[in-house]
Amino acid sequence: MTTRVKKICCLGAGYVGGPTCAVIAYKCPHIQVTIVDLSETRIAAWNSDKLPIYEPGLDEVVFACRGKNLFFSTEAERAVIEADLIFVSVNTPTKKAGMGAGYAADLAYVESATRQIAEVAKSSKIVVEKSTVPCRTAESMRTILEANSRDDIRFDILSNPEFLAEGTAINDLLHPDRVLIGGLQTPEGQRAQQALAEIYAQWVPTDRIITTNLWSSELSKLAANALLAQRISSINALSAICEATGADIDEVAYACGRDSRIGPKFLKASVGFGGSCFQKDILNLVYLSEQLNLPEVAAYWKQVVDLNEYQKKRFVSRIIKTLFNTITNKRIAVLGFAFKKDTGDTRESAAITLCKDFIQENAQVRIYDPKVSDEQIFFDLSEPGVVNSTIALKKRVTIAGSAYEASDKADAIVIATEWDEFKELNFEKIYEKMNKPAFIFDGRLILDAERLESIGFRVHTIGRAN
Ligand code: NAD
Ligand code: UGA
């Protein structure tokens, strides 16, 4: 008989654990969901009016069930003891030191969460890997759980990777293309898969709930991110050819995307992909390939990340060249700092690389983003370990309260994030107050270049020749 899950615990109240388990609580009023985190400030924010994450639709979901069947807590022990099913949704950053540094995933948080479950559990549990992990991590989790727990307790491990994208997380969770559940192909493993599938079936059509073996599920997550990022690097590589030939990258993407075998999505050229996962997960795949003695495979995927770095550098050098080969003391307005629109997340944002390069060239950088806090921007631009780095930084970087303020007396505007509000700006007003010639560098292909040129701007767009 299938286990009916009545209580869920989620370890990790981040960008994935928070929204994912909030949606489960929202759609399954009969299940009690407790999301726990080590960070007291994060939990306090989840329990306040201002949630720690900006995500369209998240407030409505959380406020509808918080205090009823959705709880945020730092009391991990109690939540683990009570739960039938536990999501492990902790961070898995790229390792900074030791073996595999710069490539391999740091599994320390996954391991410590697993040990915590083993130590306190008093009854059998389904443990679900929600974090993105290297292939065969579930095996290590099972070994740790079995070696550290009581004989009368059984743990079934599932892999249930998350495919949500930030900025559209709630919609992605409510209407997923698919839900993937990997499990051991034993009667017990399949029963656990069924128990988790029943939860999702409360709102996801059953033909979208896929079950596979554990290792396929783990690898599919890395593979999906690698394939998505590869499309961006492919279109960005073509954008360089466009700039050199007079072809237009939006027209090329449209023409290619109309082929139903290629499809139109994820072919938007840009200053480079950012976000906490694409680079991390590809490097993880590169490391895995090297460990498996597959150097050609590793080199193939590594190129996706290398091309992304090249794209950012190419954009910076185009800006410097166009501004008469020097940006020293020139005022550059950077519009957008988040890694994409509709999120306040700046992890691996292309804007960080651009701003650091502008600072290196002694420019005066004025940044505006509608959702990223001033503290976050200074944190991202500070060099780790450099004393007084923020004081030095504040001589070069100022934060503006609007796009108009940022571009006042600027020599150039750089569009780094595709926020919708940038399309609606009064560019006549902006042009009047800028130094002349007034340049705009559109790193997101969101502006109407012809109209801006008619105002007087000199416009440079990724993937278009000038
Ligand atoms: P995050 O850093 O926002 O959140 C992780 C949280 O886990 C942190 O708040 C941390 O304090 C907490 N934590 C660490 N160890 C803990 C423990 N033992 N007990 C309780 N809490 C603990 O990370 P995230 O963006 O939510 O990503 C989590 C995982 O999901 C990663 O593996 C990531 O690759 C994957 N993922 C992320 C996204 C995304 O859009 N951000 C999408 C899909 C998958
Ligand atoms: C991505 C995946 O889309 C999710 O499926 C996955 O769950 C998630 O990573 C993860 O594992 O963390 P996310 O990084 O939140 O989601 O956002 P995306 O919409 O994928 O955008 C990533 C970056 O690529 C952004 O900087 C975006 O601006 C850029 N991008 C995206 C382009 O430059 N061009 C495109 O056509 C699409």
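The values are calculated or read from the model by the stated rules, or taken from the named source; none is laboratory data. Computed from a prediction, not measured in an experiment: that's the story for all the values here. FYI the Cβ positions are ideal-geometry reconstructions off the backbone, even for glycines, and counts take in every protein chain you see. Side chains included, ligands, DNA and RNA excluded: accessible areas come from the protein's heavy atoms. Shrake-Rupley method; radii C 1.70, N 1.55, O 1.52, S 1.80 Å.
Among Ala244, Tyr200, Val286, whose Cα projects farthest towards the positive end of the dipole of the chain, with charges put on the beta-carbon of Lys, Arg (+1) and Asp, Glu (-1)? Positive-end residue among those listed: Ala244.
Which values of log₁₀ I(q)/I(0), to two decimal places, follow from the Debye formula for region 278-461 at q = 0.12 Å⁻¹ with a uniform point scatterer at every Cα? Calculated log10 I(q)/I(0) at the listed q: -0.60.
How much of the DSSP beta bridge set in the chain is antiparallel, as a percent to the nearest 5?
Values: 3 of 51 bridges.
Bridges in the chain are about 5 percent antiparallel.
Would you work out if region 16-66 is rounded, prolate or oblate? Take a ≥ b ≥ c from the square roots of the eigenvalues of the alpha-carbon gyration tensor; rounded if a/c is under 1.5, else prolate when a/b is larger than b/c, oblate otherwise. Note, shape of region 16-66 comes out oblate. Out of Ala13, Ala229, Phe378, whose Cα points farthest toward the positive end of the dipole of the chain (charges: +1 Lys, Arg; -1 Asp, Glu; placed on Cβ)? Checked the options; the winner is Phe378.
Convex hull volume of the C-alpha atoms in the chain, normalised per residue: 160 Å³. Charge tally around Pro161: other residues with Cβ under 9 Å, Lys/Arg +1 each, Asp/Glu -1 each, net -1.
Proximity of backbone amide H atoms, modeled 1.01 Å from N, is registered between Thr34 and Ile8, Cys9, Cys10, Phe71 at under 5 Å, excluding neighbours fewer than 5 places apart on the same chain. Region 318-387 and region 36-53 have Cα centres spaced 28 Å apart.
Keeping the other protein chains in place, figure out the carbon and sulfur percent of the accessible area of region 319-376, with a 1.4 Å probe.
Details: 910 of 2290 Å².
Taking all protein chains in place, region 319-376 shows 40 percent carbon and sulfur surface.
The alpha-carbon atoms of region 7-204 define a convex hull whose volume equals 124 cubic angstrom per residue. A straight chain from Phe163 to Tyr404 at 0.36 nm per residue would run longer than the Cα-Cα distance by 83.1 nm. Per residue, the accessible area of region 278-461 comes to 46 Å², computed with a 1.4 Å probe over protein heavy atoms only.
What does the charge count around Glu129 come to, taking other residues whose C-beta lies under 14 Å from its C-beta (Lys +1, Arg +1, Asp -1, Glu -1)? Working shown, then result.
Details: positive: Lys125, Lys130, Arg136, Arg142, Lys221; negative: Glu111, Glu139, Asp156, Glu162, Glu218.
Surrounding charge for Glu129 is 0.
Protection proxy ranking, highest mean first, for peptides 87-99, 404-416: 404-416, 87-99, where packing is the per-residue count of other beta-carbon atoms within 10 Å, averaged.
Against the chain, whose longest principal axis comes from its Cα atoms, helix 214-245 is set at around 10 degrees. With the simple spin-label model, which puts each label point 7 Å out from Cα in the Cβ direction, the Ala97 to Asn426 separation comes to 5.4 nm.
When the dipole is taken about the Cα centre of the chain, and only Lys, Arg (+1) and Asp, Glu (-1) are charged at their Cβ, what size is it in debye, to the nearest 20?
Value, rounded to 20: 420 debye.
Any chance you could tell me what percent of the C-alpha pair distances in region 1-115 go past 22 Å? Could you put the intermediate results ahead of the total?
On the way: 2307 of 6555 pairs.
Result for the distance tail: 35 percent.
Rounded to whole numbers, the Karplus 3J(HN,Hα) couplings from phi for region 101-111 are 3, x, 10, 5, 6, 7, 9, 4, 5, 5, 5 Hz, using 6.51 cos²θ - 1.76 cosθ + 1.60 with θ = phi - 60°, and x at Gly and Pro. In whole angstrom, how far apart do the alpha carbon centroids of region 99-123 and region 190-230 sit? With region 99-123 and region 190-230 each reduced to a Cα centre, they are spaced 22 Å.
Taking every DSSP bridge with both residues inside region 278-461, close to 0 percent are antiparallel.
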